[in-house]
Amino acid sequence: MVPDSKPVAQTHACDEPSAFQDALVGWFRREGQSYPWRETTDPYAILVSEFMLQQTQIATVLNRGYYQRWLNQFPDFAALAEATEDDVLRAWEGLGYYRRARNLHRLAQVVVADHGGSMPETLEDILALPGIGRYTAGAVLSFAHDQSVPLVDGNVLRVFARLFDYPHEVDQTEGQKQMWSWAETLVPPAHARHYNAGLMELGQRICLQKQPLCQECPVSRFCRTRRPEELPRKTKRRSTVFLDEHVLFLLEGDRLLLVQENGRRRQGLWKLPECSQDGREKLALLYKAKYSITHHRVTLHVYGGPGRSGVEGSWVSLAEVPALAMASPYRKAVDQLLSDAGDFQLNS
Ligand code: SF4
């Protein structure tokens, strides 16, 4: 909990970097969480975890088995590079933000073609790989090789904004520059692996967004903010956009009509074909569900019944449907409607 009048440090972490690093590393070594990607120095396994965790919670990646399943199916860069895009998207199904899977696939192909199947070990070479930004490069180099390379993610950003009582917006160019500058100044020459992991974990477990646990904080004596809950400052979020999707569930014998998406976000994934205005008026509404994607709130409407001529798509055997990559909202709708159709056939 934040005390009513939180003490304000007179010390600046950058004036005493060794003391700050020792406090953080010592705490992490005593209390850091154990995750599979922290028990390995394999750059591939670390990279997979970083891609998965970009927009997905640790609990989802770990408890639902995504991470281990992925490593079983694609144990190294070579195995991933050889896989088809369909297999890659199917293994990613349920994690969302499929661009991450496509980038990881492409990256594996470049690592195999240009680096003999091994992740390069210099910052410059890693940053030249597709889909890799400064944060991910820092994570791979420090976690896999213990190199003294800084990183800044959302957690680190919150910790720094509070430690240094940074009053400006952290997601603007100046704010970003300042955060990376502190990260560079403070990353230690040795033990960067534990220092960077400690910094991220401090943001995850102690320096919480809503109620930071300042009394348990190992670096509280360096913290210069009086009101941590008001930091970091960010530019205003985009307002929520409400959308409706209208699609068709067309079953003929043991075949389902599907289309493959071309849009940037879900390219290559399979979905139900769109339903025209005319179709919506004539067909029965079979299924309705809501889901969220970034700042969009979408209502998915699925229609079915007779009058299906002129709809384009591929007739896919029901036996093949489970192996096709599909965004989660569509997978749920298809599973539900196929189950309903099975019950109907059994009962009729
Ligand atoms: S770094 Fe965060 S948790 Fe630690 S004292 Fe400052 S505001 Fe509190």
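Descriptive notes on the structure:
- All positions within segment 136-155 that are more than 18 Å from the chain's Cα centre (by Cα) and part of a loop (DSSP other than H, G, I, E, B): Asp146, Gln147, Ser148, Val149, Pro150
- Within segment 235-281, if we keep just the residues that are part of a helix (DSSP H, G or I) and not charged (D, E, K, R), the residue that is surrounded by the most Cβ atoms within 10 Å (Cβ to Cβ) turns out to be Gly279.
- Of the residues in segment 36-48, none is modelled with pLDDT under 95 and either farther than 19 Å from Ala197 by Cα or assigned by TED's automatic domain parsing to the domain that holds Ser148 (or both).
- Qualifying residue in segment 179-194 (condition: within 20 Å of Ile58 (Cα to Cα) and not acidic (Asp, Glu)): yes
- Evaluating Val111 against the criteria (1) in a helix (DSSP H, G or I); (2) modelled with pLDDT under 95 leaves one unmet condition, (2).
- Picking from residues in segment 217-238 that are of a type in the set (S, T, N, Q) and in the same structural domain as Pro167 (by TED's automatic domain parsing), the one that is farthest from the ligand (Cβ to nearest atom) is Thr225.
- With respect to the conditions (1) surrounded by 15 or more Cβ atoms within 10 Å (Cβ to Cβ); (2) out of contact with any helix residue (DSSP H, G or I) (no Cβ under 6 Å at 6 or more places or on another chain), Ser118 lacks only one, and its number is (1).
- The conditions of being crowded, with 20+ Cβ neighbours inside 10 Å and in the same structural domain as Leu80 (by TED's automatic domain parsing) are not met by Val112.
- Cβ-Cβ distances below 6 Å connect the following pairs, each with a first residue in segment 205-217 that is under 12 Å from Arg158 (Cβ atoms), a second residue that is within 8 Å of the ligand (Cβ to nearest atom) and part of a loop (DSSP other than H, G, I, E, B), and a separation of six or more residues or different chains: Ile206/Leu213; Ile206/Cys217; Pro212/Val2.
- Given (1) among the basic types (Lys, Arg); (2) surrounded by 19 or more Cβ atoms within 10 Å (Cβ to Cβ); (3) in contact with a Gly (Cβ under 8 Å, 6 or more places away or on another chain), index of the condition Arg90 fails: (3)
- Qualifying residue in segment 227-248 (condition: over 25 Å from the mean Cα position of the chain (by Cα) and on the phi > 0 side of the Ramachandran plot): no
- Failed item in (1) closer than 28 Å to Glu39 by Cα; (2) in contact with a Gly (Cβ under 9 Å, 6 or more places away or on another chain), with Glu169 passing the rest: (1)
- Of all residues in segment 164-184, at least one satisfies being within 22 Å of the chain's Cα centre (by Cα), more than 16 Å from the ligand (Cβ to nearest atom) and part of a loop (DSSP other than H, G, I, E, B).
- All of Ala9, Ala59, Ala19 fail the test of being within 16 Å of the ligand (Cβ to nearest atom), closer than 29 Å to Lys210 by Cα, out of contact with any Pro (no Cβ under 6 Å at 6 or more places or on another chain) and assigned to a helix (DSSP H, G or I), apart from Ala19.
The values are calculated or read from the model by the stated rules, or taken from the named source; none is laboratory data. Not measured: the values here are computed from a predicted model. We place every Cβ from the backbone using ideal geometry, glycine too, and count neighbours over all the protein chains shown.
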